[in-house]
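> This is the structure I have questions about; it appears just below.
The values are calculated or read from the model by the stated rules, or taken from the named source; none is laboratory data. This one's a predicted model, so the numbers in the text were calculated from it and none came from an experiment. In this analysis, Cβ positions are derived from the backbone assuming ideal geometry, glycine residues included, and neighbour counts consider all displayed protein chains.
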2 protein chains.
Amino acid sequence: MTKNSTNKKRRVHFDPDNVDIVVEEGASLLGTAIAAGVHIYADCGGAGVCGTCKVLIKEGEVESTRTEKLSDEEYERGFRQACQSRVITDLEVFVPVESRLEVGALARERSADWEISKKVAATSQKLETLATEWTFNPPISKLFLELTPPTLANNVSDLTRLLRGLKERYNLNNLSVDFNVVKKMARVLREGNWKVTVTTLVTEPKTGSNGERSSILTNIEPRDTRRRFYSLAFDIGTTAVRAQLIDLNRGKVQADGIQYNRQISYGGDVITRINYCKQPDGLTTLQQAVVGTMNELINDLLRQFRIKRENIYHIVVAGNTTMMQFLLGLEPEFLRLHPYVPTINIPPLVKANSLGLEVGEHVYLYALPSVASYVGADIVSGIIGTGVYQRRKLTLYVDIGTNGEIVVGNSDWMVSASCSAGPAFEGGGVKHGMIATQGAIEGFEVNPSNLEPTIEVIGNTKPKGICGSGLVNITAKLLEAGGIGQDGKFKTDLPTKRIREGVDGYEYVLCWAPETQINEDIVITEVDLDNLIRAKGAMYAGYKTLIKSVGLASADLEQVIIAGALGSHLDIENAIFIGLFPDIPRDRYIFIGNGSLLGARLTSFSTDMLDAGAKVAGMMTNFELSERTDFNNNYIAALFLPHTNIDDFPSVKEKLAKPQKN
Amino acid sequence: MTKNSTNKKRRVHFDPDNVDIVVEEGASLLGTAIAAGVHIYADCGGAGVCGTCKVLIKEGEVESTRTEKLSDEEYERGFRQACQSRVITDLEVFVPVESRLEVGALARERSADWEISKKVAATSQKLETLATEWTFNPPISKLFLELTPPTLANNVSDLTRLLRGLKERYNLNNLSVDFNVVKKMARVLREGNWKVTVTTLVTEPKTGSNGERSSILTNIEPRDTRRRFYSLAFDIGTTAVRAQLIDLNRGKVQADGIQYNRQISYGGDVITRINYCKQPDGLTTLQQAVVGTMNELINDLLRQFRIKRENIYHIVVAGNTTMMQFLLGLEPEFLRLHPYVPTINIPPLVKANSLGLEVGEHVYLYALPSVASYVGADIVSGIIGTGVYQRRKLTLYVDIGTNGEIVVGNSDWMVSASCSAGPAFEGGGVKHGMIATQGAIEGFEVNPSNLEPTIEVIGNTKPKGICGSGLVNITAKLLEAGGIGQDGKFKTDLPTKRIREGVDGYEYVLCWAPETQINEDIVITEVDLDNLIRAKGAMYAGYKTLIKSVGLASADLEQVIIAGALGSHLDIENAIFIGLFPDIPRDRYIFIGNGSLLGARLTSFSTDMLDAGAKVAGMMTNFELSERTDFNNNYIAALFLPHTNIDDFPSVKEKLAKPQKN
């Protein structure tokens, strides 16, 4: 058998998506699925070690390397790992539910902001009003201009005439001109009979008093086109990409979109993807993957709201540092190597179409600045979006994910740090873990008398796994009910069949096989608990270390802002109960959902926010926790439920001290 | 017969070039020649009205439209107009001497600057020292930098580290960064072990006191690469493109190159080419033609001097406004339409490779500024190159061509104008006119007793036509010898066979058919004389009007600078004798040859010249002569040899008053 590609064409059909694609014989099956727009989760990025990309070959044959991730039974039934398989015949492939990324389920995250708005509203604030002191003055402006036509006595160049007109009518100085404007100017001026609409874009944030603001003339159109004026705000997440279409005339979000980041097929986490870049054209592939995702969102939004492509005038993007470097095509390797150096923290304005984005050639993309390799533009964006930098109130800002980012500070100072929590909060490294989409167990109650559970499943379907917030809820409730001890071990002497010994040690059965989508018992194991404890321990140690490094304690925090998809579905009591968050008055907590998108949107709304982003990125001092002794000590102390020092969690102490109801 | 193209392929062989090309049946024969790199002169740009692109079909057949430009005899012999012919069979084509542009002959222009240097030296000045007050400080710089490697305690972004290093070591501020530098920076810094060479380019001229100079970081290379550092200076002429390869370490011109501007096959003059742009993709075709010419020059220079492409760091270009707009891809249409408005007078810096130039992606192209549609960067370049703007001395600067450009002024003020002289100075509109290449009659003496001539031919070959400077010499000498009158008419009662009646009225035979390359009598006709008189009349009226418009007279001129290819071969006495130049002391004249290239070269040498270009373009007031009554009056008065008012030309008056020797 040869692995070389030939020129023979093979047709591959994917179900349940019901799509066909023709590829060359020898093509990778995972690559074929990506090309066909079939979303397959490939946590390890195609290395063959995670087993998340299993597919069923219903007809035809693949050339495949078998790994231990496939059981004999699965192999016999025709399951293969897509990343380990090459197309050698025409194929019919079925993507099973556990390998599939269902786009529809993402709608949940889209709606999350609204739920959160309600949460915030309980403290009588709306999401957009967390940050104050900004006015609606987008970095991009449309200006209508009537020029005096040239005569022999006044035949200065078209550009001079235009710039003089802008100076006279709008007092615009420090204006540079995009070369594409120069190219079409002569024709547009005459087509509009010297009445034109020009677009100007603030080129950089104003930091301190660095003189007059400079702008670039990005577009010129004949006649008055001011009533069509849209921008896009993006959050590029490691898992999902979110977009908002913004009507700049009305100052409001017209529409929302969300898609899995197509990079997910090259690795579930940033490290796997960074490693993928060592392959030939790896970086290009990953750049094209995220750009493809963004284009899909753009095209959907345009189609859905019947907006012409040329009426998008500006794009603002936030995301973590790795995502930003991928988007801009900057090699990410040194982000993950000691001493963790990003190429750039303040990206220059770039032409959106130079990255492959399907928008007019006049559109510039502004990427928010980042602070360090692991404290990215998503955090800066969240900080400005929530106005942390505007208030004296001492704030802890936490974004929870595989990587947890932490900021402590106020309007005078800010320190940041990141800690590697591991993938448990996103369902990774957990036996039945999954991302928070349809079929994930999230809600959990348990009867303390018999440890029988009541579960809530996202999408109200049969369960197929457990998401990160589910894991927190399950752990807290089992701890409270006495099913597990503070050491994270199951109590094995209880009168219940649900706690049993499995292949990975003791486990608790959440759902028996017949009630699941996957026809096996869904369990939570001691290994899962251990992973969760390490994850929450890392987070807690992170803010503890950071807060202490500036001479403060948790009790000093006047406000805690929780960002991130996990945060938006987390039960605060449960989270504190397991020791993920400090045990301080609950009314100091604010859940904002996607902080990254919030700041990107506000930056699209307001040049004040553009300035704020630069200010915040500039004022933040980053601490590298990973090699600090006190962080390690704090981490070890936190590897307990809720903590080795229970006095750090008085409310939990009180609950645990209550006699068990059974 | 159908004119539509088919998919059949046809082979076309061109002699004497001895090149083959395969094209689709139906292709234009002129286009085929261009594609094959065969230079055919097509004065009218393929409209079929000039007859300069005649070729001989030796084998095969073309589908051709016959115009009056082909005689019956020519048609019978197999001559066709290339622009009017389509390829329908395989072909063997011979390009006759009169249709051919011989590249070798251009060497004459290349060497002209040296001859001119000698002319200038007679007034004890060297070409480069006409302009003073500039130091050798190129707009592009190479800086070597050793950086401290990052540590965990200091892991700022690569870009921040680099910029801090540049600030500390070279006190560089106001530095923007090219995105390609951002892209490769991470790898280059580490490859060079934190020792790198960066290239910075001044982004814009300093006019007045507009604050600190801003630069752009255009390149970064590992280790110390300072010893390889070259730039290119170009003059884009309507007929020829000249290039100089400059060694920026030694501050000298390493090599010269010259090529016909390939646009010549789309029209001999700018108006024809501007009209050509109305065709689909016309502008793109013309842009690619000039870029192709520049690439040919670049490739020749690099090969010849074994310089690597990436060691070219900067390009400076000058040329007339139309040539600049073609190069930049800006529609030229409005340059030629009333009220003659250029798109842009101060072009932005552009990436050279974005125009199609085959240089590294780090190379920016700086195009010198222009003043008006018909007073271009070539004139600004000449003015700065000759230091006119630096001296109190009242100067007349004249660039003679199809379009004559005129500047009058000194360090305090400058006025400019252009006048359409018509193509006579470049051999156009003249029965046997040709550009000044091999075979052109240039030198001319005549025996006053029998009007028998002595001719000098460029390249010392048999003649095939008359070039512009030849036309001036012939006219002056025949006038002096009494063969023609001051009205530009032949004396028909003289005892010579050389003055005779031809198809275009009276004519003088310069060379009998057997002594020529073209096997017909080479003549100068009264129509030719009329065209020459109109041409020199327009020039003379131009400077007369311009000088008078500022309240001065020719006698006030303290210096006259003659630029342009014609100027470099002109006999000053003859030129004054026919009334082309004012009759003032000869030692006030300086001939500089290609002033455009001179200024481009100096701008490559010195940021002072970059500033000077902007200053000069800004201070020049342009007059539109074409619709001024006094210009028309001056023009009509100048339609005489040398002038209707002979007192304007005292030295000529004296000579003409001498009794004829016969």
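> Here are B:N219, B:N249: which of them is modelled with pLDDT under 95 and within 21 Å of B:L610 (Cβ to Cβ)?
On the way: B:N219 fails: modelled with pLDDT under 95.
So the residue among B:N219, B:N249 that is modelled with pLDDT under 95 and within 21 Å of B:L610 (Cβ to Cβ) is B:N249.
> Further question on the same structure: Out of segment B:490-532, which residues are in a loop (DSSP other than H, G, I, E, B) and over 32 Å from the mean Cα position of the chain (by Cα)?
Once the filter is applied, which keeps residues that are in a loop (DSSP other than H, G, I, E, B) and over 32 Å from the mean Cα position of the chain (by Cα), segment B:490-532 yields B:K491, B:T492, B:D493, B:L494, B:P495, B:T496, B:K497, B:R498, B:V503, B:W512.
> Check whether at least one residue in segment A:593-609 is more than 30 Å from A:A243 (Cα to Cα) and of a type outside the set (S, T, N, Q), and report yes or no. Lay out the reasoning, then the answer.
Step one: of segment A:593-609, the residues more than 30 Å from A:A243 (Cα to Cα) are none.
No, segment A:593-609 contains no residue that is more than 30 Å from A:A243 (Cα to Cα) and of a type outside the set (S, T, N, Q).
> Further question on the same structure: In segment B:177-207, what residues are surrounded by fewer than 16 Cβ atoms within 10 Å (Cβ to Cβ) and part of a strand (DSSP E or B)?
B:K195
> A follow-up question, please. Of everything in segment A:154-178 that's more than 8 Å from every other protein chain (Cβ to nearest Cβ) and of a type in the set (A, V, I, L, M, F, W, C), which residue is farthest from B:S416 (Cα to Cα)?
A:L172
> When you go through (1) over 20 Å from B:E204 (Cα atoms); (2) within 14 Å of chain B (Cβ to nearest Cβ) one by one for A:F229, which number turns out not to apply?
Tallying (1) over 20 Å from B:E204 (Cα atoms); (2) within 14 Å of chain B (Cβ to nearest Cβ), A:F229 fails exactly one: (2).
> If you don't mind, another one. Please work out which one of (1) closer than 26 Å to A:V316 by Cα; (2) modelled with pLDDT under 95 is the condition A:A121 fails and give its number.
For A:A121, the failing item is (1).
> Can you tell me which residue among B:V398, B:V341, B:V363, B:V388 is of a type in the set (A, V, I, L, M), out of contact with any Ser or Thr (no Cβ under 6 Å at 6 or more places or on another chain) and more than 24 Å from A:A153 (Cα to Cα)? Break it down stepwise before answering.
Details: B:V398 fails: more than 24 Å from A:A153 (Cα to Cα); B:V341 fails: more than 24 Å from A:A153 (Cα to Cα); B:V388 fails: out of contact with any Ser or Thr (no Cβ under 6 Å at 6 or more places or on another chain).
Of the residues listed, the single one that is of a type in the set (A, V, I, L, M), out of contact with any Ser or Thr (no Cβ under 6 Å at 6 or more places or on another chain) and more than 24 Å from A:A153 (Cα to Cα) is B:V363.
> Just checking, which of A:A33, A:A27 is farther than 26 Å from A:G427 by Cβ, of a type in the set (A, V, I, L, M, F, W, C) and touching a residue at least 12 places away in the same chain (Cβ under 8 Å)?
Of the residues listed, the single one that is farther than 26 Å from A:G427 by Cβ, of a type in the set (A, V, I, L, M, F, W, C) and touching a residue at least 12 places away in the same chain (Cβ under 8 Å) is A:A27.
> Which condition does A:G292 not pass, out of (1) surrounded by fewer than 23 Cβ atoms within 10 Å (Cβ to Cβ); (2) part of a strand (DSSP E or B); (3) among the small types (G, A, S), if it passes all the others?
Tallying (1) surrounded by fewer than 23 Cβ atoms within 10 Å (Cβ to Cβ); (2) part of a strand (DSSP E or B); (3) among the small types (G, A, S), A:G292 fails exactly one: (2).
> Sort through A:V270, A:V317 and tell me the only one that's in the same structural domain as A:L357 (by TED's automatic domain parsing) and within 20 Å of A:S354 (Cβ to Cβ).
Numbers: A:V270 fails: within 20 Å of A:S354 (Cβ to Cβ).
Of the residues listed, the single one that is in the same structural domain as A:L357 (by TED's automatic domain parsing) and within 20 Å of A:S354 (Cβ to Cβ) is A:V317.
> Is it the case, given these coordinates, that B:T197 is within 14 Å of chain A (Cβ to nearest Cβ) and at pLDDT 95 or above? Outline the logic, then answer.
Details: within 14 Å of chain A (Cβ to nearest Cβ): no; at pLDDT 95 or above: yes.
It is false that B:T197 is within 14 Å of chain A (Cβ to nearest Cβ) and at pLDDT 95 or above.
> Just for segment B:491-548: of the residues that are of a type in the set (A, V, I, L, M) and surrounded by fewer than 20 Cβ atoms within 10 Å (Cβ to Cβ), which one is farthest from B:S99 (Cα to Cα)? Steps first, please.
First, pick out the residues of segment B:491-548 that are of a type in the set (A, V, I, L, M): B:494, B:499, B:503, B:509-510, B:513, B:518, B:522-524, B:527, B:529, B:532-533, B:535, B:538-539, B:541, B:546-547.
Applying the additional criterion that residues be surrounded by fewer than 20 Cβ atoms within 10 Å (Cβ to Cβ) yields B:494, B:503, B:509, B:513, B:518, B:527.
Numbers: B:L494: 35, B:V503: 22, B:V509: 22, B:A513: 18, B:I518: 11, B:V527: 22 Å.
Among those that are of a type in the set (A, V, I, L, M) and surrounded by fewer than 20 Cβ atoms within 10 Å (Cβ to Cβ), it is B:L494.
> Given the residues A:L597, A:L625, A:L639, A:L656, which is the only one that is within 14 Å of another protein chain (Cβ to nearest Cβ) and either of a type in the set (A, V, I, L, M) or in contact with a strand residue (DSSP E or B) (Cβ under 7 Å, 6 or more places away or on another chain) (or both)? Give the steps one after another, and end with the answer.
On the way: A:L597 fails: within 14 Å of another protein chain (Cβ to nearest Cβ); A:L639 fails: within 14 Å of another protein chain (Cβ to nearest Cβ); A:L656 fails: within 14 Å of another protein chain (Cβ to nearest Cβ).
Going through A:L597, A:L625, A:L639, A:L656 in turn, the sole match is A:L625.
> Then there is this: Considering only segment B:335-354, how many residues are touching a helix residue (DSSP H, G or I) at 6+ places or on another chain (Cβ under 6 Å) and in contact (Cβ under 8 Å) with a residue 24 or more places away in the chain?
Summing the residues that are touching a helix residue (DSSP H, G or I) at 6+ places or on another chain (Cβ under 6 Å) and in contact (Cβ under 8 Å) with a residue 24 or more places away in the chain in segment B:335-354 gives 4.
> Just name the residue that is nearest to the other protein chains (Cβ to nearest Cβ) out of those in segment A:306-352 that are farther than 24 Å from A:E624 by Cβ and charged (D, E, K, R).
To start, the set of residues in segment A:306-352 that are farther than 24 Å from A:E624 by Cβ comprises A:306-317, A:327, A:329, A:348-352.
Still in the running and charged (D, E, K, R): A:306, A:308-310, A:351.
On the way: A:R306: 32, A:K308: 24, A:R309: 23, A:E310: 20, A:K351: 9 Å.
The extreme case among them is A:K351.
> Another question about this same structure. Take the residues of segment A:485-504 that are touching a residue at least 24 places away in the same chain (Cβ under 8 Å) and of a type in the set (S, T, N, Q): which is farthest from A:L580 (Cα to Cα)?
Result: A:T496.
> Which condition from (1) under 28 Å from B:D611 (Cβ atoms); (2) of a type in the set (S, T, N, Q); (3) free of Cβ contacts under 8 Å to residues at least 24 places away in the same chain is the one that B:S157 breaks?
Just one mismatch for B:S157, condition (1).
> Here is a further query. Applying the selection to segment B:124-153, what residues are of a type in the set (A, V, I, L, M), surrounded by 19 or more Cβ atoms within 10 Å (Cβ to Cβ) and within 14 Å of chain A (Cβ to nearest Cβ)?
Once the filter is applied, which keeps residues that are of a type in the set (A, V, I, L, M), surrounded by 19 or more Cβ atoms within 10 Å (Cβ to Cβ) and within 14 Å of chain A (Cβ to nearest Cβ), segment B:124-153 yields only B:L147.
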